[in-house]
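The block underneath contains the structure these notes are about, expressed in structure tokens.
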Amino acid sequence: PSTEIEPHSLSVLMPTTTKQLPSPGSVILQQDQSRQAYYIQFDYLDNNLAEAKAALDIYADNIVAGTVGGEETFYLMIDEDFPKLDEVNEKISMAEKKLGIKISIWDIARDMVKYGDAFREVVIEEIDGELWVTKLKPLEPGQIYANVDSRGVFLDKKLPYFQLVPGAKEPIKFDWWRIMHCKYGTAPYGYKYSLFYGAPLRAGRHLVWVDEALVLARLSRAWQRNAYLIDTGRLSPDEAISFVEKFMEKLKTKQVISNTTTGQTVLLDAPLLPDEDIGIPVGEGAKADIKQLTGDSNVTNIRDVEYLREKFITGISLPKAYLSLEADTRAKATLDRIDAQFARQIRRRQQALIEGLTKLYKIMFTLAGFDAESFEWSIEFPELVAEDETAKWELMQIKANVAKTLAVDVGLLNDYYIYKEILGLDDTDIREYGLQPSETVPQINITKEMLTDPELLVLIDDLKDIFNFRLEAKKRKKGKVKIC
């Protein structure tokens, strides 16, 4: 049997408190109305725009599992000298299995990318005399409020969040340990860092509207119609109209269908729709005829749709290659270049998830009987496997650009010179990355004034970012072993 409880053992992690929870009618709630509106619009794009849904899925896939061929999900690393390594590995592995965090992390990542906020209620239950985190209940982000003042400072750290359920008279208060909030940025909420915030939201809404208009235009303006000029002789106007209606009725087509109940074939009249063919009465002496009315010849022009799609995709920083919207964009040479920019977006969101998971794992460690502050540990997400190839590509381009600027042979600029003089790495970092310092350094003097080419500066920044991320990851993992 299991019973949800409030564990007293977590008091060792409890922060200090300051003030009391504000009432639902406070200024804090009034300031949050725009945030709720944004969440609704983010849902609108996810539900109505195929590009938005695909983008969220792609981001979540890459955040959690890296690129194809990498790890499947995040993992825990612990100090290899920790004396209870086997015990902590066993208990945390069991806790992860009961919670299913390795499976649910994809949904958390997707919510965080979409809303900028991912709120989960931590449920702790007693099972056979032991305390376990058993559930992470999804919470509607528009119903969750941070207990902060106008500057964003938490008023009560013991009760940092509360929930306003529609129809409820009182807010539901959450203890500090009960809410796992994954977000990017330092503000109380992360909605301004949603993938859709700002320009993408506007372009996405317009894209949905134009898409609807495109379908309506095809249904109403693209038809090719026939205009029947029907000789009505000397009939009066009313008689002529009645005669034309009877004539058009005779043009009904026969449709053969199969009766699913009896198995017999049935002939049904399928009348022409009023907006398909037109009957026009003409007077005595006029020539009866049939004319063809062509549909809107401009209906195939969808440049406005393509324009808005490009604006939307540019705004969400997702390479078109990942949506297969360009010819030959799955080629490796293309993806190596664009991965450098996309990887930054992925890593930032991985760090935001790590902050939320760190709080969760501290709780899991404490319930398992371990002091999370007494040993070194870290949460690691898979790296994008294209980064090493991207680094080589960036290095080659930098060498070519510098050689062009200085009019020297590319061969003179060995890798070590680029690492040392341009990227600013020391010998320790170069070895840490898995590179061997060169014994020979070319006698070339490159000043900062020479490195002014915008394309070269972008390449240098990209390569620095790749190296720094990989070096930081290696330093975090140094002296630790992978568990769970």
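The values are calculated or read from the model by the stated rules, or taken from the named source; none is laboratory data. Owing to the predicted nature of the structure, the values given are computational and were not obtained by experimental measurement. Positions of Cβ are generated from backbone atoms using ideal geometry, with glycine treated the same way; all protein chains shown enter the neighbour counts. Protein only, heavy atoms only, side chains kept; ligands, DNA and RNA dropped before computing areas. Shrake-Rupley method; radii C 1.70, N 1.55, O 1.52, S 1.80 Å.
Annotations
- Against the numbered list (1) within 26 Å of the chain's Cα centre (by Cα); (2) part of a loop (DSSP other than H, G, I, E, B), Glu121 comes up short only at (2).
- Test: Lys137 is assigned to a strand (DSSP E or B), open to solvent by 20 Å² or more (accessible area, probe 1.4 Å), out of contact with any Leu (no Cβ under 7 Å at 6 or more places or on another chain) and modelled with pLDDT of 90 or more: yes
- Options Tyr39, Tyr44; residue that is at pLDDT 90 or above, within 18 Å of the chain's Cα centre (by Cα) and closer than 30 Å to Val153 by Cβ: Tyr39
- Asp117 being of a type in the set (Asp, Glu) and surrounded by fewer than 19 Cβ atoms within 10 Å (Cβ to Cβ): no
- Filter result for Arg178 (in contact with a strand residue (DSSP E or B) (Cβ under 8 Å, 6 or more places away or on another chain), of a type in the set (Lys, Arg) and free of Cβ contacts under 8 Å to residues at least 60 places away in the same chain): yes
- Residue check for Ile78: in contact with a strand residue (DSSP E or B) (Cβ under 8 Å, 6 or more places away or on another chain), modelled with pLDDT under 90, surrounded by 15 or more Cβ atoms within 10 Å (Cβ to Cβ) and not in a loop (DSSP other than H, G, I, E, B): no
- When the strands (runs of 3 or more DSSP E) confined to segment 269-380 are screened for residues that are at pLDDT below 90 and among the hydrophobic types (A, V, I, L, M, F, W, C), those reaching at least 2 such residues are found at 278-282, 289-293.
- Matching residues, segment 453-477, being farther than 26 Å from Met77 by Cβ, assigned to a helix (DSSP H, G or I) and open to solvent by 30 Å² or more (accessible area, probe 1.4 Å): Pro454, Glu455, Leu457, Val458, Asp461
- Restricting attention to segment 78-119, the residues being free of Cβ contacts under 8 Å to residues at least 40 places away in the same chain and small (Gly, Ala, Ser) number 2.
- Residues within segment 171-213 that are modelled with pLDDT of 90 or more and among the acidic types (Asp, Glu), tallied: 1
- Looking across segment 144-184 at every residue that is touching a Lys or Arg at 6+ places or on another chain (Cβ under 7 Å) and open to solvent by 20 Å² or more (accessible area, probe 1.4 Å), the one that is farthest from Glu121 (Cα to Cα) is identified as Leu155.
- Boolean, Val88 is assigned to a helix (DSSP H, G or I) and at pLDDT below 90: no
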